[in-house]
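**Q** Below you will find the structure I want to go over with you.
Please treat every number below as a calculation from the coordinates, not as lab data. Bear in mind the structure is a predicted one, so any value in this text is a computation, not a measurement. Cβ coordinates were reconstructed from backbone atoms using ideal geometry, including for glycine residues, and neighbour counts include every protein chain displayed.
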Amino acid sequence: MSTSTPETGTARVKRGMADMLKGGVIMDVVTPEQAKIAEDAGAVAVMALERVPADIRKDGGVARMSDPDMIDGIIAAVSIPVMAKARIGHFVEAQVLQALGVDYVDESEVLTPADEAHHVDKWAFTVPFVCGATNLGEALRRIAEGAAMIRSKGEAGTGNVVEATRHMRQIRADIKRLTQLDEAELFVAAKELRAPVELVQEVARLGRLPVVLFTAGGIATPADAAMMMQLGAEGVFVGSGIFKSGDPAKRAEAIVKATTFHDDADVIAKVSRGLGEAMVGINLETLSEDQRYAGRGW
Amino acid sequence: MPPAIPEKVTVTANPTPTVGVLALQGDVREHVRVLEDSGARTLTVRRPDELERADGLVIPGGESTTMWRLARSFDMLEPLRKRVEAGMPVYGSCAGMIMLADTILDGVDGQETVGGLAMTVRRNAFGRQVDSFEADVRIDGFADPFHAVFIRAPWVESVGEAVDVLGRVETGPAAGRIVAVRQGQLLATSFHPELTGDARVHRFFVDMVKGLS
């Protein structure tokens, strides 16, 4: 007879959950109706939030965790996984989201940070966390804190993919560099990256992060999604890009197809036709420093 | 209608088979790695012409509704059903188990499967992600228990006569639930052996593709 009792909340089931999302698209939704549209379009998960990043930018003020009623409504509306955002460092918002039964918590720079020094201790939770990063050091610090999935930060709510591109290229270049270092050099690299040496050694050995890497922040078109996949993303978060566009259902489905067939320009061309208006977007030069989210977290 | 499994399938021994991994969505890389470690050549399959080149197929873990929609959009469902009907060995883990089931419960409206395995599978049966777990499961034919990882996993609610039950959850609230089955050339598990480094399930499947098991 086996004596092992079922174990929940292990690193393996947390990271494994992200493995199951690979090759898929996770969509920001603010109502149960939008969640249904996302599920019908083939999303692998939805991100429940009160306002999409584009509206958070427009409205200003403090952006917080969503209303539990609204999250419950979205959980009830769909059968795919539901994620939700907590403020950076706000461990009680994260506790509430876990109690609500969300499947992944995004400790997100899109919301107003609640702590200027500490991120949430993610090891203390059963629910897994995804965190944003702009470079490898930041990604490894989040993983050291217990993040089970990493996404590029990009610049959310802009419909401008340039920052996501920068972050994906940076993370990829940082990883490539580590794979070329010897053992002695890895100790110095860990110091420079401000990351635990064990994680640095693991990345050097694997040639990739020890957790799944998605992209996020400014993806608005099927071609944007496919480009991020070709740059090494293992899946895509789309925030404002879908429900701030002219035909959300059609665009959502097109982005799902372009993500799976990211290396097939014929498919991407086909699904890019007749999508209607894309979200207008923001040029980053027009954003002041305090309007940039990617600098939040460290 | 899901395809019926022929009573008798003729299998010729193939020492170096090519095993495809359905790559519409999910943990494709993990399956590819374990299959290669188990002596198979591998091929990722997104299109009918790639499917034709595979001697066997793994349907990975992932989101079954996404896989179904993409398989439908890219004309993969019928070719998959035809190959299953023709006796191609197929192994499905988690979402792959759902895809192989003749009947599913708690699917989305209109959700179709490839089918072939005479079983009813309940989607997300163990609960949400906070309920995802690891536990040892005894599998028929394996000497030692298999350490199994269940992620928002389905379970098998009931099976037809032709289906062999290979393993059940042993402890906890879901004790007794069926989580590993085989019917002819079709093998399915609720759990993810591709995540644990224990290659016994994949080796068993590769032997099926070789015509040895």
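**Q** Find out how many positive minus negative residues lie around B:CYS94, taking Lys and Arg as positive, Asp and Glu as negative, among other residues whose Cβ is under 11 Å from that of B:CYS94.
**A** Charge balance in the 11 Å sphere: -2.
**Q** Separate question: Quick check for you: which residues of region A:128-167 have the amide N under 13 Å from the point 7 Å beyond the Cα of A:GLU192 toward its beta carbon?
**A** Hits in region A:128-167 for A:GLU192 at 13 Å: A:136-137.
**Q** Applying 1/(1 + (r/R0)^6) with R0 = 41 Å to the Cβ-Cβ distance of B:ARG128 and A:ASP247, what FRET efficiency is obtained, to the nearest 0.05?
**A** Computed FRET efficiency for B:ARG128 and A:ASP247: 0.85.
**Q** Also, I was wondering about something else. With only Lys, Arg, Asp and Glu charged, each at its Cβ (+1 for the first two, -1 for the last two), find how big the charge dipole of region B:18-210 is about the Cα centre; round to the nearest 20 debye.
**A** The dipole of region B:18-210 has a size of about 220 debye.
**Q** Once label points are set 7 Å from the Cα along Cα→Cβ at both B:ASP109 and B:ARG53, what is their separation, rounded to one decimal in nm?
**A** Those two pseudo-labels are separated by 4.0 nm.
**Q** Still on this structure, please answer the following. What's the average, rounded to a whole number, of partner chain beta-carbon atoms within 10 Å of each residue's beta-carbon in B:134-141?
**A** 3
**Q** Kindly identify region A:173-298 as rounded, prolate or oblate by the Cα gyration tensor criterion: order the square roots of the eigenvalues as a ≥ b ≥ c, call it rounded if a/c is under 1.5, otherwise compare a/b with b/c, prolate if a/b is larger, else oblate.
**A** Oblate shape, in that a/c is at least 1.5 and b/c is the bigger or equal ratio.
**Q** Just to confirm a number: summing +1 for Lys and Arg and -1 for Asp and Glu over residues other than A:SER108 whose beta-carbon lies under 12 angstrom from that of A:SER108, what do you get?
**A** Here the charged neighbours net out to +2.
**Q** Also: Among the listed pairs A:LYS14/A:LYS122; A:LYS14/A:LYS250; A:LYS22/A:LYS153; A:LYS22/A:LYS244, give every one whose C-alpha distance is greater than 22 Å.
**A** A:LYS14/A:LYS250; A:LYS22/A:LYS244
**Q** Simple spin-label model, 7 Å along Cα-to-Cβ: B:ASP140 to A:THR286 in nm?
**A** Inter-label distance under the simple model: 6.6 nm.
**Q** Using alpha-carbon pairs under 8 Å, 6+ residues apart, how would you state the relative contact order of chain A in percent?
**A** Result for chain A is 19 percent.
**Q** Further, regarding this structure: Normalised by the residues of region B:18-210, what does the relative contact order come to in percent, with Cα pairs under 8 Å and at least six apart?
**A** It comes to 21 percent, rounded to a whole number.
**Q** How many nm is it between the label spots at B:THR120 and B:LYS82, if each spot is 7 Å from the Cα in line with the beta carbon?
**A** 3.2 nm
**Q** So, counting K/R as plus one and D/E as minus one, what does the shell of residues with Cβ under 12 Å around A:VAL44 add up to?
**A** -3
**Q** For region A:36-73 and region A:150-190, what is the separation of their Cα centres, given in Å?
**A** First find each Cα centre; the distance between them is then 27 Å.
**Q** A:VAL62 to A:ASP264: FRET efficiency via 1/(1 + (r/R0)^6), r the Cβ-Cβ distance, R0 41 Å, to the nearest 0.05?
**A** E between A:VAL62 and A:ASP264, to the nearest 0.05, is 0.40.
**Q** Peptide A:20-30: average number of partner chain Cβ atoms within 10 Å per residue?
**A** For this peptide, the per-residue mean of nearby foreign Cβ atoms is 5.
**Q** Take every Cα pair under 8 Å in region A:169-298 that's 6+ residues apart, average their separations, divide by the length, and report that relative contact order as a whole percent.
**A** 19 percent
**Q** Whose amide H sits under 5 Å from the amide H of B:ASP136, counting only residues 5 or more places off or on another chain, with H placed in the peptide plane?
**A** For B:ASP136, whose amide H was placed from the backbone, the distant partners under 5 Å are A:SER4, B:ALA148.
**Q** Using the Cα centre of the protein assembly as shown as origin and beta-carbon charges of +1 (Lys, Arg) and -1 (Asp, Glu), tell me which of A:LEU136, B:PHE74, A:THR10 is placed farthest towards the positive end of the dipole.
**A** Checked the options; the winner is B:PHE74.
**Q** For the protein assembly as shown, give the magnitude of the charge dipole about the Cα centre (Cβ charges: +1 Lys/Arg, -1 Asp/Glu; no others), in debye to the nearest 20.
**A** So the dipole magnitude of the protein assembly as shown works out to roughly 660 debye.
**Q** Which residue, B:PRO145, B:MET119, B:THR42, has the largest displacement toward the positive end of the dipole of chain B when charges sit on each Cβ (Lys, Arg +1; Asp, Glu -1)?
**A** Working it through, the farthest residue towards the positive pole turns out to be B:THR42.
**Q** Using r as the Cβ-Cβ distance of A:ALA184 and A:THR31, and R0 as 51 Å, what FRET efficiency do you calculate, to the nearest 0.05?
**A** E(calc), rounded to 0.05, equals 0.40.
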